[in-house]
1. When THR95 is evaluated against the numbered criteria (1) in a loop (DSSP other than H, G, I, E, B); (2) under 29 Å from TYR170 (Cα atoms), which criterion, by number, is the only one it fails?
2. Is there any pair with a first residue in region 226-238 that is in contact (Cβ under 8 Å) with a residue 12 or more places away in the chain and a second that is among the hydroxyl-bearing types (Ser, Thr, Tyr) whose Cβ atoms are under 7 Å apart and which are 6 or more apart or on different chains, and what are they?
3. Can you tell me which residue in region 226-237 is farthest from THR174 (Cα to Cα), limited to those that are out of contact with any helix residue (DSSP H, G or I) (no Cβ under 9 Å at 6 or more places or on another chain) and in a loop (DSSP other than H, G, I, E, B)?
4. Using the structure shown, decide if ALA6 is in a strand (DSSP E or B) and within 18 Å of the chain's Cα centre (by Cα).
5. Take GLU117 and tell me if it is among the charged types (D, E, K, R), modelled with pLDDT of 95 or more and not in a loop (DSSP other than H, G, I, E, B).
6. Which of (1) in contact with a strand residue (DSSP E or B) (Cβ under 7 Å, 6 or more places away or on another chain); (2) under 23 Å from LEU113 (Cβ atoms) is the odd one out, the single condition ALA192 does not satisfy?
7. I'd like the full set of residues that are charged (D, E, K, R) and within 15 Å of ALA66 (Cα to Cα), limited to region 87-124.
8. Just need a number here: residues in region 46-84 that are assigned to a loop (DSSP other than H, G, I, E, B), of a type in the set (Val, Ile, Thr) and within 27 Å of THR130 (Cβ to Cβ).
Amino acid sequence: MRALLAALTCHKGDIRRNLDEHLVALDTARHAGCDIAIFPELSLTGSVDAIRHPHDAVALGDPAVAVIVETTRHVDVAAVFGIAERGADEQLFITQLVAHDGELVAVHRKRHLGNDEEGYGVGSGTPVVTLAGRTIGMIVCAESSVDDTWDATVAAGADVIAMCSAPGLYERRTTDDEWRAGLEWWESAGLADACRHARRLGVWVAMATQAGSTVDEDFPGIAALVSPAGEVVDRLPDWRPGTLVVDIPQLDATP
């Protein structure tokens, strides 16, 4: 399987701009011969404050969601992308979607929330999808810090985990040293979680993290591929936005 891992700046409240970034990345993935493009948590809507700005969440039938879903048909690349979802009863969820061949094939609602995610509901399902001969499950940001979410995802049959995150930094970053410190924190948290669980469960982990500055929050982007041995086999070099194309071997081909 060949995958494009996107560390994008996901602008809050600017779905049109974020959608354009998704379409550019999907076209890049097509030209690179990718089977799938993996985007960060909340990639399409940007990070949404469910208490102060619930109107920034979107329904599954939102036109921008439909554009990405339909684009997967034309580019022949599946997409794992994130939204702040407004459910039928107005309940909000942090949701990762999988689109393939013009269809929405999986809806993963975050099962373990972070301390600053008040106002969101907790999901209960563990969907997996089969693409290019691999079974893909999802871990969404704070889900990476606990064992049960990983265990359930692998128990559902996943041998590749798309770990999609939006870890906001608590202070604004204006210098390279400040950005580097933020990146080092995320390396010690999210990337370390990915390595530990990959090694513990014997699965590939493909990370895609929000990157760069938004209107009121900064994100220490990482796109990385972690082997079943828990080793980082490829990654972007720093915190800046970018895309990474990786080949994910079958488990019996693990180096």
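1. (1) is the only condition that THR95 fails.
2. Matching pairs, first to second residue: SER227/THR254; PRO228/THR254; ALA229/THR254; VAL233/SER227.
3. Per the stated criteria, the residue is LEU236.
4. Details: in a strand (DSSP E or B): yes; within 18 Å of the chain's Cα centre (by Cα): yes.
Criteria met by ALA6.
5. No; evaluated as a whole, the condition is false for this residue.
6. Exception for ALA192: condition (1).
7. Across region 87-124, the qualifying residues are ASP101, GLU103.
8. Of the residues in region 46-84, 1 are assigned to a loop (DSSP other than H, G, I, E, B), of a type in the set (Val, Ile, Thr) and within 27 Å of THR130 (Cβ to Cβ).
The values are calculated or read from the model by the stated rules, or taken from the named source; none is laboratory data. Predicted model only: the values in this text are computed from it and were never measured. Virtual Cβ from ideal backbone geometry, glycine too; neighbours counted across all protein chains shown.
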